[in-house]
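Written out below as structure tokens is the structure these notes cover.
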Amino acid sequence: MSLRRHFENIKNVACRILFKRRCTLRKVLAIVLIFSVVSFVILNYFFFHSSKYTKIPSLPPVPNIRCRLDKDLGLFDQMARNHDTPGNVRIGKRVLVLLETPYTKSAKKIMAALSAARFEYKVEDTGGKLPALTHFEKGRFGVVIFEHLQSYVNMAYWNRQLVDKYCRDFDVGMIFFVSSPDEFGIEFERIPDYPLLLQYNLAIKNYRLNMISDVWRIIRPGELIEERFPDDDWTVFHPNHTAFEPLAYAQIAEPLHKNASPGYDMVNRTLITALLDTGKIDGIKKILFGNNLKFWLHHPLLLDSISYLSHGKLSLPLERYIQVDVDDVFVGAIGTRIKAKDVEAMIQTQERLQHKVEGFHFMLGFSGWYFYHGDDEENEGDKKILEEKDKFWWFGHMWRHEQPHKFDQDYLEKSMSNNLEFAKEKGIAVIHQYAVAPHHSGVYPVHEPLYNVWKKTWDIRVTSTEEYPKLHPFYIRRGFIHQGIMVLPRQTCGLYTHTIYIDEYPGGREHLDDSIKGGELFQSFLYNPINIFMTHQSNYANDRLALYTFESAIKFVQCWTNLQLKQVPPLELAIKYFEMYPEEKTPIWKNPCDYKRHQAIWSANKTCKRLPNFLVIGPQKTGTTALYTFLGMHPAVKSNYNSPETFEEVQFFNGNNYEKGLDWYMDHFPNLTNDSTELLFEKSATYFDNADAPMRAFALVPKTKIISILVDPAKRAYSWYQHMRAHTDPTALNYTFYDILTAPDSAPRRVRGLRNRCLEPGLYAQHILHWLDYFPAQQLFVIDGELLRANPVLVMDQVQKFLTVEPYFNYTEHLRFDPKKGFYCQVLTDDQNKCLGMSKGRQYPPMDIKSGEFLKQFYSKPNLALSKLLTKLNFHLPKWLDDNVGA
Ligand SMILES: Nc1ncnc2c1ncn2[C@@H]1O[C@H](COP(=O)(O)OS(=O)(=O)O)[C@@H](OP(=O)(O)O)[C@H]1O
């Protein structure tokens, strides 16, 4: 067969397959062309989309942090100062912040910095009324911060006198940020009656700190910032008194605009950019900053200034505990996994870091199922990491990297047991008490099976997440304890699974470097005494960005600060955390459906409808059970299920039940379909006067309506006393009502306890205001309890209107006065009623006259406050209140 015939044959076969008939040479050429284009596209796709083939591996970046102090080690080293002043300093651990408005960027930065340091602070407007500065001869504030020096200078005379006197009397210092005016025309300004000249709107370079100052505690001076600063808005200080000590200097740089002040003659002159007034001028120590907190070094400077000026009362510890989690070991697509040489690099870096961070170990979280799932080189990496396993600390992840919230307890148990078996087989010594969940799933919002299985399988005591209470910036993430498992806040260091090449870092390499050199990562070290950072195994492959990031960050922190970096095992770390922040132990439960990120990692099959649309909050003995019963009669209203301990009340927001968690609470409600228009509610009369209940209720159900019932507080107090007698409470049985009411603070604890339960809920205005601190007034409805008793039909109509519940339910047909009980009851048949039990509407003797008079006196002011509040809220004044206030 000739070559031509052969070609003809191939052509014919191809044509028959493609076109089901014979074809021409032109068609053949078209086929070849299409084939070539398709092959080119496919090859191209594989070439560019597989990192394995695309990248000619670049050299990993080197963590070169230039630090002059390294060279001259010891030469400039100062011991970190302890600012505690011996003797009796009578000041509180609170900061007073005086602002022009809380909405400016610089004001927000001050508040964020104080929150990050977890200092309690009070913000006031410089033009307004000052808060009480003292309390029982003790100063309430340890330091006063002014957002602008100018607003202090322009403060109303009396206010300024008051703050000055306070600072002098209690030896409290002031901090000022001195901003340059927006207009370029003003170059100099003299502070009236103060030997200081300010020079504005300068560009600076070569910034350095005074080597010797008593202010330095966290700051380690001696380093130089050679760069020119980006904004030409610096203020420099020209002091004219020996009371001043410079804290920082900089050289004047060439201005960006030719006609801007100060002109070229000033360039290269070294001037003062931060200043301490030692108090010799007017008896008040002051620290002035020539710019605001947008400059990173002003953050440690601020912390040191606060510590110095508050005599160490507001001082962060110098120890910083760090933990670097390497999640997803063995997990990951080919091309993103670590190889043997990456493992070696990890070990070398770890060894270097162990000289800088006491006890440092990378914490490796593994999913055993993925072991040996890479290419040959990556599988060698898996082997290598096992060979070197004892050099690292290990913790458990999920066997197949599953998101726990998608699975039930049995599945989770199997998965975790598999991972545990894998660890045993490979000889990995897992740190049993610590684990993390992939994608934070199931940690918060809580998936109860995850907590159960963690405890059961691995005896987990500690975990970490960045999702609580929301994905907040690093400085306001918090921890909590649930089911005995301590959940610590987790920080990200700016590296994610896909950030594996420095040249492809989002926002460019500078972005990562900025974070390391004073930006977010540095600030995280600075403000958080405990930092758990999250990284992934892919961050240690390819460019090994995580090694670069942490070594650079740690070098930078040690170049600029006296912070002592350490690592301890997770259990020890968690115990330390909650010793430091005991107030964080109890979690805040939020509705996962209010936040997309949380809904995505919440237990599967949960409905968002299983939470109350309204709450009856009490107080006790005002007719709450009657209201609960009447509401339950409505066809479109559903109450909570009874609790075995607290009967019709759930008592979630006020006590220990809160710690049982959201699932526990939701299980008390019927499971409504998503399109149901029925309203769910619960009544717990204990909520009304509880300090935590409003905040907790608002966190979980911010749109819920709130119903409260008020009766004469004197009657309420007596009803509670009788309630306790009926429950054979020995204190109520052994003491008269009058003895209880008038018991002094020195009385036995149980007597004081009963006194308080009788009297305190009746301070109605104070408690309602506490609810209004959280809930808007339109969500609140106040029922007159006497009217509920006398005319429940009228009250139930008002309630239906407030709740906008449909259909309208005609209570006239369903409630009837029962002469035997002396109250309205539910109509069962023509001659049968269903009344509340013996414990509601009890028979007891009338209140004695002495007690009545005592209570009249005791409640006279609170009742007046209530009548003002109800008037302001547009509620009808109950007759008993009118009578009380008028009398
Ligand atoms: N319809 C009806 N039936 C029975 N009782 C009624 C009714 N309406 C209002 N009241 C008044 O409710 C008082 C009990 O209040 P609470 O249910 O809030 O008490 S508790 O806190 O739940 O124990 C109860 O207080 P005492 O009379 O001291 O027992 C009653 O005065």
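Taken together, the values in this text are just the output of simple stated rules run on the coordinates, not laboratory data. Every value quoted in this text rests on a predicted model; they were computed, and no experiment measured them. For neighbour counting, all protein chains shown are included, and Cβ atoms are generated from backbone atoms with ideal geometry for every residue, glycine included.
Remind me, relative contact order of segment 756-887 in percent, using alpha carbon pairs under 8 angstrom and six or more residues apart? Can you show the working numbers first?
Working: 85 pairs, mean separation 31.0, N = 132.
23 percent.
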Exercise. Express the C-alpha Rg of segment 342-457 as a ratio against the empirical globular expectation 2.2 N^0.38 Å, rounded to two decimals.
Key: 1.14
Quiz item: Once phi is turned into ³J(HN,Hα) by the Karplus curve 6.51 cos²θ - 1.76 cosθ + 1.60 with θ = phi - 60°, what whole-Hz value does each residue of segment 94-110 show in order, with x for glycine and proline?
Solution: 9, 10, 9, 10, 10, 10, 7, 8, x, 9, 6, 4, 5, 5, 4, 5, 5
Self-check item: Hits among lysines - C-alpha to C-alpha of K165 under 27 Å, sequence gap 8 or more where chains match
Solution: K93, K122, K129, K138, K280, K285, K286, K313
Exercise. Quickly work out the E421-to-E254 label distance, labels modelled 7 Å from Cα along the C-beta direction, and quote it in nm with one decimal.
Key: 7.2 nm
Quiz item: If you wrap a convex hull around the Cα atoms of segment 421-570, how much volume per residue is inside, in Å³?
Solution: 129 Å³
Quiz item: Which whole number of Å³ per residue matches the convex hull of the alpha-carbon atoms in segment 376-425?
Solution: 95 Å³
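Per DSSP H run of n ≥ 4, the term is -39500 (n - 2.57); total these for the chain, divide by its residue number, and report the mean residue ellipticity at 222 nm rounded to 500 deg cm²/dmol. Display every interim value, and only then the final one.
Details: 30 runs with 307 residues, N = 887.
Helix contribution divided over all residues of the chain: -10000 deg cm²/dmol.
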Quiz prompt | Cα gyration tensor shape of segment 714-864, rounded if a/c is under 1.5, else prolate or oblate by comparing a/b with b/c | solution = oblate
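Is the C-alpha gyration tensor of segment 209-294 telling us rounded, prolate or oblate? Criteria: a/c under 1.5 is rounded; beyond that, a/b larger than b/c is prolate, otherwise oblate. Let's see the in-between values first.
Working: a/c = 2.25, a/b = 1.56, b/c = 1.45.
Note, shape of segment 209-294 comes out prolate.
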Exercise. Using packing as a proxy for protection, rank 535-543, 592-600 so that the peptide with the highest average count of other Cβ atoms within 10 Å comes first.
Key: 535-543, 592-600
Quiz item: In nanometres, what is the gap between the two model label sites at D231 and L828, each 7 Å from Cα along Cα-to-Cβ?
Solution: 7.6 nm
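From the square roots a ≥ b ≥ c of the eigenvalues of the alpha-carbon gyration tensor of segment 268-317, which class results: rounded (a/c under 1.5), prolate (a/b over b/c), or oblate?
On the way: a/c = 2.77, a/b = 1.16, b/c = 2.39.
Here segment 268-317 falls in the oblate category.
Of I186, I768, how do they rank once you tally other Cβ atoms within 10 Å and put the fewest first?
I186, I768
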Quiz item: Whose amide H sits under 5 Å from the amide H of G173, counting only residues 5 or more places off or on another chain, with H placed in the peptide plane?
Solution: V144
Exercise. For E682, enumerate residues with amide H under 5 Å from its amide H, sequence gap 5+ or separate chain, H modeled in the peptide plane.
Key: F614, V616
Quiz item: Taking the Cβ-Cβ separation of T492 and S115 as r and a Förster radius of 22 Å, what is the calculated FRET efficiency to the nearest 0.05?
Solution: 0.70
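What's the FRET efficiency of Y774 with D410 using the Cβ-Cβ distance as r and R₀ = 41 Å, to the nearest 0.05?
Details: r = 40 Å, r/R0 = 0.98.
Taking R0 as 41 Å, the efficiency between Y774 and D410 is 0.50.
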Quiz item: In terms of modelled amide H atoms, which long-range or inter-chain residues lie less than 5 Å from the amide H of I783?
Solution: S708, I709, L710
Practice problem: Counting residues in segment 561-646 as N, plug N into 2.2 N^0.38 Å and put the Cα Rg over that result. | Solution: 1.81
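What is the order of D784, D692, fewest Cβ neighbours within 10 Å to most? Numbers along the way, then the final one.
Working: D784 24, D692 14.
Ranked by crowding around the Cβ, least crowded first: D692, D784.
Of K683/K879; K414/K606; K339/K455; K606/K705, which sit over 31 Å apart, Cα to Cα? Let's see the in-between values first.
On the way: K683/K879 25 Å; K414/K606 23 Å; K339/K455 34 Å; K606/K705 23 Å.
Over 31 Å Cα-Cα: K339/K455.
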Practice problem: Find out how many positive minus negative residues lie around K879, taking Lys and Arg as positive, Asp and Glu as negative, among other residues whose Cβ is under 15 Å from that of K879. | Solution: -3
Exercise. Sort the following peptides by mean Cβ neighbour count (other Cβ atoms within 10 Å, averaged over residues), highest first: 650-656, 805-811, 567-573.
Key: 650-656, 567-573, 805-811
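From Cα pairs below 8 angstrom and at least 6 apart in sequence, can you work out the relative contact order of the chain, rounded to a whole percent?
Details: 1546 pairs, mean separation 77.5, N = 887.
Once normalised by length, the contact order is 9 percent.
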Quiz item: If you plug each phi of segment 666-673 into the Karplus form 6.51 cos²θ - 1.76 cosθ + 1.60 with θ = phi - 60°, what whole-Hz ³J(HN,Hα) values come out, in order, with x for Gly and Pro?
Solution: 5, 5, 7, 10, x, 8, 7, 6
Quiz item: Fewest to most neighbouring Cβ within 10 Å: what's the order for E344, E551, E648?
Solution: E344, E648, E551
Quiz item: When only Cα pairs under 8 Å and 6 or more residues apart are kept, what is the percent relative contact order across segment 187-232?
Solution: 36 percent
Practice problem: Work out from phi, with θ = phi - 60° and the Karplus expression 6.51 cos²θ - 1.76 cosθ + 1.60, the ³J(HN,Hα) of each residue of segment 612-624, listed in order in whole Hz, and give x for Gly and Pro. | Solution: x, 7, 8, 10, 9, 9, x, x, 5, 6, 10, x, 5
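Once the piece of chain linking D214 and L162 is laid out straight, how much longer is it, given 0.36 nm per residue of separation minus the C-alpha distance between them? Intermediate values should be presented prior to the final figure.
On the way: separation 52, 0.36 × 52 = 18.72 nm, distance 2.76 nm.
Extra length from D214 to L162 when fully extended: 16.0 nm.
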Quiz item: What are the radius of gyration and Dmax of the chain, computed over its Cα atoms and given in Å?
Solution: 35.2, 130
Quiz item: Tell me, how many Å apart are the Cα centres for segment 152-230 and for segment 393-416?
Solution: 55 Å
